[in-house]
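This report refers to the structure that appears directly beneath it.
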Amino acid sequence: MVHFFEVLGIWIGALLTFAIFSFLYKDNPFYKVAEQIFVGLSAGYWFVYTIFFILLPNMYNPLTENFAANWIKLIPALLGVMMLMRLIPSIEWVSRFPIALVIGTTSGVFFLRYLKSDVINQLTATIMNPFSGNNTVMIVGQILLVIGTFTGVVYFYFSKKHEGAFGVTARIGIYFLMISFGAAFGYTAMARISLLIGRLQFLLGDWLGIIQP
Amino acid sequence: MKRNIPLIITFLVGITVIFSEFIPHYPFGMLSGELENWFLIISGFAILLGQLSLFKVNILKIKFKKENWQYSVITLISVVVMIGTGLLWGTKDNTGILGNGDQIIAVMGSKPFDYLFDNVYQHLQATMFSLLAFFIASAAYRAFIARTTESNLLLIAAILVMLGNTSLGSFLTSWIPEAISFLHLPKLAEFIMKYPTTAGQRAIMIGAGLGIIGSSLRIILGIERSYLGGK
């Protein structure tokens, strides 16, 4: 019976793979069905994940195992229920209180996190002696790193019109940004192509058995 | 009350979290930790809210027989099946309402939730993302015909990085003498990643970081209130 379910799983996977790939021809009912199954399963997966990995260990288990020590968790539980009131238009405003807490916490955490990781740490890494490299390639690279970071930041300064020397600096910044986007594009393309190869391996190996998986 | 109390909550919570970084002693340190725990629990409910909203939207679509309502039936069945199997028999590491599902594991080889995840969800996800390989190729073509300095830089960087990370790139430039070995495609790709790409990413990170800091301050101080809704 286990073997039957293994084979069934492979067939389901193969048919759904074809259903998704059929979109390359044009939008069609097979693709839409597969897409909706994906949406439904994703939603279901995150529901179950939320129950088992967030709400049970952080709220339900502490409350049931040692209520006296964890009664304070009733407050976020109540706020969580208030969040669900968003679905009832007449008392939708009640959900603003938990949203305010979530937004406040997120703002505070993000303020600190991005100040440290995205601003201070990046500036610290950039403020260096570019001529301290071991070889010419490294020195050229470090000069490019300093110039690229500075000009890139200048490009993001929109309070002054990009013209004259400021405009030229911003334009150099754009070139560095484009190289950065190009590299990101290359990596994304490679990642997607490796996924495509994975799908072909599944179809030709696991499903048809033409190649060794 | 409907607007001011949430604004006060946001201010107090945001300030407490920021203060706790500079004053990690009692009560700020403890408060910050507790608030982050609350945040996790409320976020869990927010995810549930999203699922319930999905139910509501699809049920209304079916009820009023809107265009393509038949597909909403499939969505709902998929959600119910995934949630049902997950809650009844649990997941790989968790026990469900009906126990650990040993009997069903003996029949299916794994728990129904994991079976669906491995044989349906993962295939759909991988295929959906692999579709992008084709659209990325199309996007590259369109970028190439733009013929501007920026688009050329983008494409040259992309091609060098892609070739540099494959055996073909290494093969194509294997004849280059050692004296100018930095022109080997793998080394060139490494150089692009290490210096100009890092510079671009740093600029983006600094710009985005400053933007996020500004937005956070605006929210904490109550200048930005759009999250409260328009009413």
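Some points to look at:
- Selection of the range A:120-140 for residues being at the interface with chain B (Cβ under 8 Å from one of its Cβ atoms) and over 19 Å from B:PHE182 (Cα atoms) yields A:GLN122, A:LEU123, A:ALA125, A:THR126.
- Against the test of being open to solvent by 60 Å² or more (accessible area, probe 1.4 Å) and touching a residue at least 24 places away in the same chain (Cβ under 8 Å), the options A:TRP93, A:TRP11, A:TRP46 yield a single qualifying residue, A:TRP11.
- Some residue of the range A:164-178 being under 30 Å from B:SER130 (Cβ atoms) and either among the charged types (D, E, K, R) or free of Cβ contacts under 8 Å to residues at least 12 places away in the same chain (or both): yes
- Taking (1) more than 8 Å from chain B (Cβ to nearest Cβ); (2) over 30 Å from B:VAL13 (Cβ atoms) in turn, A:LYS116 satisfies each apart from (2).
This table checks each residue for (1) of a type outside the set (Gly, Ala, Ser); (2) under 30 Å from B:THR16 (Cα atoms); (3) surrounded by 14 or more Cβ atoms within 10 Å (Cβ to Cβ).
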| site | (1), (2), (3) |
| --- | --- |
| A:LEU101 | yes, yes, yes |
| A:ILE120 | yes, yes, no |
| A:SER132 | no, no, no |
| A:ILE172 | yes, no, yes |
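- Among the residues of the range B:178-231, those that are touching a residue at least 24 places away in the same chain (Cβ under 8 Å) and more than 30 Å from B:ILE15 (Cα to Cα) comprise B:LEU185, B:LEU188, B:ALA189, B:GLU190, B:ILE192, B:MET193, B:PRO196, B:THR197.
- Options A:LEU63, A:LEU56, A:LEU41; residue that is within 29 Å of the chain's Cα centre (by Cα), more than 7 Å from chain B (Cβ to nearest Cβ) and surrounded by 15 or more Cβ atoms within 10 Å (Cβ to Cβ): A:LEU56
- The set of residues from the range B:74-94 being in contact with a helix residue (DSSP H, G or I) (Cβ under 6 Å, 6 or more places away or on another chain) and within 9 Å of chain A (Cβ to nearest Cβ) comprises B:ILE74, B:THR75, B:LEU76, B:SER78, B:VAL79, B:MET82, B:ILE83, B:THR85, B:GLY86, B:THR91, B:ASN94.
- Single residue of the range A:15-38 satisfying the filter (over 15 Å from B:PHE129 (Cβ atoms) and at the interface with chain B (Cβ under 8 Å from one of its Cβ atoms)) that is surrounded by the most Cβ atoms within 10 Å (Cβ to Cβ): A:ILE37
- Complete set of residues in the range B:134-153 that are in contact with a Ser or Thr (Cβ under 9 Å, 6 or more places away or on another chain) and within 8 Å of chain A (Cβ to nearest Cβ): B:ILE136
- Test: residue in the range B:21-29 that is closer than 22 Å to A:LEU115 by Cα and at the interface with chain A (Cβ under 9 Å from one of its Cβ atoms): yes
- In the range A:77-86, the condition of being over 28 Å from B:PHE113 (Cα atoms), crowded, with 17+ Cβ neighbours inside 10 Å and more than 7 Å from chain B (Cβ to nearest Cβ) is met by at least one residue.
- Criterion: part of a helix (DSSP H, G or I), closer than 16 Å to B:GLY207 by Cα and open to solvent by 40 Å² or more (accessible area, probe 1.4 Å) - qualifying residue of A:PHE158, A:PHE150, A:PHE166: A:PHE150
- Hey, B:ALA133 modelled with pLDDT under 90, within 27 Å of the chain's Cα centre (by Cα), buried (at least 19 other Cβ atoms within 10 Å of the Cβ) and at negative phi or not: yes
- Residue in the range B:36-45 that is among the hydroxyl-bearing types (Ser, Thr, Tyr) and more than 7 Å from chain A (Cβ to nearest Cβ) present: no
- Residue within the range B:143-159 that is in a helix (DSSP H, G or I), of a type in the set (Lys, Arg) and open to solvent by 20 Å² or more (accessible area, probe 1.4 Å) present: no
- Taking the criterion of being part of a helix (DSSP H, G or I), open to solvent by 40 Å² or more (accessible area, probe 1.4 Å) and facing another protein chain (nearest Cβ under 7 Å), the residues of the range B:160-182 that qualify are B:MET162, B:PHE182.
The values are calculated or read from the model by the stated rules, or taken from the named source; none is laboratory data. None of the values given here were measured: they were computed from a predicted structure. In this analysis, Cβ positions are derived from the backbone assuming ideal geometry, glycine residues included, and neighbour counts consider all displayed protein chains. Please note that ligands, DNA and RNA were not included when accessible areas were found on the heavy atoms of the full protein model with its side chains. Shrake-Rupley method; radii C 1.70, N 1.55, O 1.52, S 1.80 Å.
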